[in-house]
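The structure appears below as structure tokens.
The values are calculated or read from the model by the stated rules, or taken from the named source; none is laboratory data. Since the structure is predicted, the reported quantities are computational estimates derived from the model, not experimental observations. So basically every Cβ, Gly included, is an ideal-geometry build from the backbone, and we count neighbours across all protein chains shown. Accessible surface is based on the protein model in full, side chains and every heavy atom, while ligands, DNA and RNA are left aside. Shrake-Rupley method; radii C 1.70, N 1.55, O 1.52, S 1.80 Å.
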Amino acid sequence: MSDKIQTLSGYIYEYQKSVQDPEGFWARIADSFYWRKRWDKVLDWDFEKPEIKWFLNAQLNITENLLERHLFTLGDKPAIVWEPNDPNEPGVTLTYKQLHQKVCQFANVLLAQGIKKGDRVIIYMPMVPEAAIAMLACARVGAVHSVVFAGFSASALADRIVDCQAKMVLTADGNFRGKKTIPVKEVVDEALKKADTIHKVIVLQRTGTTVTMQEGRDLWWHDTIENMSFDHSAESMDAEDMLFILYTSGSTGKPKGVVHTCAGYMVYSQYSFQNVFQYTTDDVYWCTADIGWITGHSYIVYGPLLAGATTLMFEGVPTFPDAGRFWAIVDKYKVNQFYTAPTAIRALQAYGNAPLEPYGLDSLKVIGSVGEPINEEAWHWYHDHVGKGKCPIVDTWWQTETGGILISPLAGITPTKPSYATLPLPGVQLVIVDNDGRELMGNSVEGNLCVKFPWPSMLRTTYGDHERCRSTYFSVYEGMYFTGDGVKRDEDGYYRILGRVDDVINVSGHRMGTAEVENAINEHPKVVESAVVGYPHDIKGQGIHAFVICDMEGRSEASLVTEIKETVTKIIGPIAKPDKIQIVPGLPKTRSGKIMRRILRKVAEGDTTNLGDTSTLLNPEVVEVIKKDAIDLI
Ligand code: PRX
């Protein structure tokens, strides 16, 4: 762990080094990894195309770096500690040695079932150790995993399978979530009616839910591993071979498959983990995310395990059996670093301080936040009541596309400020531009957040559609990666993320394209047109307000609202279900037919007195009706 920064002046020194000589800087960091063949060149890049290559022609396998590299020194140390949904069920601890065996064993299963280097494998699983084993076994044989959050619907799952032409699905019979048991395999069966590239489905028995196994296609996990050898020699991968695809939403079209590659992702996920959380040898680290999201990839599985850490995985939800569950787990395992999302903090804050009282939380050293802006009130509650005023908060800003944390305090080193992600990590060269792409220099400026130099874990492409990657991220502002976020740099040079500046909304830390939700709403046969906007929501950060024009013949408003919600749940999943559906006679449009979302956003925010000039609209009269009806929904 020699690459761990220990002081503020150390951070400043490292940051300067990383800008003056990025290649030298990253070569030094990369030196501590195990390479089958060293790189010929550290970096080649061209943001116009875009083409980004790190550690050119190096050969490696990421799993050798998180398993074999640690076996001698950390073999008996817990790698994964798993806490089940039901607190009365015993947990599972896997040491590095045991994890190595299980990953090798499942790698052999994948090979036996016909998976080859480069094949895509979908992982649609609950939060169980086997989900991490599945990811690592894919990486070990060189297959590209694409984890799909197990709350997504059959239709969303099918879209992802088809887009990446996956050959295999790894899943479970069911998923325990609080009091509920969700029939996961049933969703896979439904998805596979629309996706015919899948040869094999391997099903983990978790809940005992009855499932239908299709002869010749479906296999039980426990049968496949029976008598399977623990010996497996990892596939040698090129630095720029694909490691995984993770689908995420954008402002247009269907979710896109963000592609991350082996070497750069490996180096950056470990480096950022060590530095942001300041993990030390015997710490227990816990990130509450789901492996279906990038946070689960980089900071439950890859980053911590690469760093030889003990990473805790939790199957359940924060409020089961009661709102003290997170705190019970912290005390039970003596968690030292705790990393969660503002939406969970706000939801737990709403229960008051009583659920915290039975717990000491003395082990905590660092508490983190990710996924959405954390408001000052939640920041203070988290700081005072969870961190007991003694734990630094790391408010970490990053994205699926960035692969790792780009802006964050280094715990205990960078002075924090409520609701500020503070400063960029070494190697991250941020730029703020105005809407015309002019760089805003100096402090006390506000604009669009871009990055002007590559960092190792940045996305390389969007699967099957490189042009989409170029036009979304690299052409909005010339020569820069555009994040889609608005940002402020204050008088001290500290960064505060202001939220998305595009048509992406962030609901409970889940990223969603408004167009994606609209497309789902429009699938309802009675819907003529719809427009979706986000509005401030006390717990979720943003809620979804849908304005919908419907053919009302023979239907009540109430039944349509229910049916539209069901349609969205079926097409995307419950996370995209609108909070408010307002049936409207029309949508405010410009003379060229474009929906004036600015007006809809104001109405959804409840700010109907300040709509700006509506006289140039094609249909100004519609605004009055929408304004009036919106009041009933609030
Ligand atoms: O708007 C930013 C917000 O989440 C977006 C990225 O979402 P996703 O790719 O799903 O990844 C989430 C987990 C890394 C960003 O464009 N976001 C993420 N972290 C923060 C944040 N907004 C404010 N503060 C953060 N710490």
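One table, with the values for the structure above:
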| item | result |
| --- | --- |
| Residues within segment 332-357 that are open to solvent by 10 Å² or more (accessible area, probe 1.4 Å), assigned to a helix (DSSP H, G or I) and either touching a Leu at 6+ places or on another chain (Cβ under 7 Å) or not aliphatic (A, V, I, L, M) (or both), tallied | 6 |
| Tabulated pairs, segment 322-345, first closer than 16 Å to Phe277 by Cβ, second part of a helix (DSSP H, G or I) and within 16 Å of the ligand (Cβ to nearest atom), C-beta under 7 angstrom, 6+ apart or interchain | Gln337/Phe277; Tyr339/Tyr299 |
| Which numbered condition Ala289 misses (of (1) among the aliphatic types (A, V, I, L, M); (2) within 16 Å of the ligand (Cβ to nearest atom); (3) open to solvent by less than 10 Å² (accessible area, probe 1.4 Å)) | (3) |
| Segment 286-297 residues that are over 19 Å from Val121 (Cα atoms) and among the hydroxyl-bearing types (Ser, Thr, Tyr), paired with ones that are modelled with pLDDT of 95 or more and open to solvent by less than 20 Å² (accessible area, probe 1.4 Å) (beta carbon under 6 Å, 6 or more apart) | Thr288/Thr340; Thr295/Val370 |
| Close pairs (7 angstrom Cβ cut-off, 6 or more residues apart or separate chains): more than 12 Å from Pro373 (Cα to Cα) and open to solvent by 20 Å² or more (accessible area, probe 1.4 Å) in segment 489-515, among the aliphatic types (A, V, I, L, M) and within 8 Å of the ligand (Cβ to nearest atom) anywhere | Arg511/Val504 |
| Close pairs from segment 303-316: first surrounded by fewer than 24 Cβ atoms within 10 Å (Cβ to Cβ), partner among the basic types (Lys, Arg) and assigned to a helix (DSSP H, G or I), Cβ under 7 Å, at least 6 apart | Gly316/Arg325 |
| Among (1) in a helix (DSSP H, G or I); (2) within 21 Å of Gly499 (Cβ to Cβ); (3) open to solvent by less than 10 Å² (accessible area, probe 1.4 Å), the one test that Ile329 misses | (2) |
| Residue within segment 275-283 that is in contact with a Cys (Cβ under 6 Å, 6 or more places away or on another chain), open to solvent by less than 20 Å² (accessible area, probe 1.4 Å) and more than 25 Å from Arg177 (Cβ to Cβ) present | no |
| Condition met for Thr562 (under 12 Å from Ile626 (Cα atoms) and either at pLDDT below 95 or open to solvent by 30 Å² or more (accessible area, probe 1.4 Å) (or both)) | no |
| Strands (runs of 3 or more DSSP E) lying entirely in segment 481-572 (those with 2 or more residues that are away from the ligand (no atom under 16 Å from the Cβ) and basic (Lys, Arg)) | none |
| Scan of segment 227-250 for residues that are within 16 Å of the ligand (Cβ to nearest atom) and small (Gly, Ala, Ser), ordered by number | Ser249, Gly250 |
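Residues are listed down the side, and each one gets a yes or a no for (1) small (Gly, Ala, Ser); (2) near the ligand (Cβ under 9 Å from one of its atoms); (3) assigned to a loop (DSSP other than H, G, I, E, B); (4) over 27 Å from Thr483 (Cβ atoms):
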{"position": "Glu372", "(1), (2), (3), (4)": "no, yes, yes, no"}
{"position": "Ala378", "(1), (2), (3), (4)": "yes, no, no, no"}
{"position": "Trp381", "(1), (2), (3), (4)": "no, no, no, yes"}
{"position": "His385", "(1), (2), (3), (4)": "no, no, no, yes"}
{"position": "Cys391", "(1), (2), (3), (4)": "no, no, yes, yes"}
{"position": "Ile405", "(1), (2), (3), (4)": "no, yes, yes, no"}
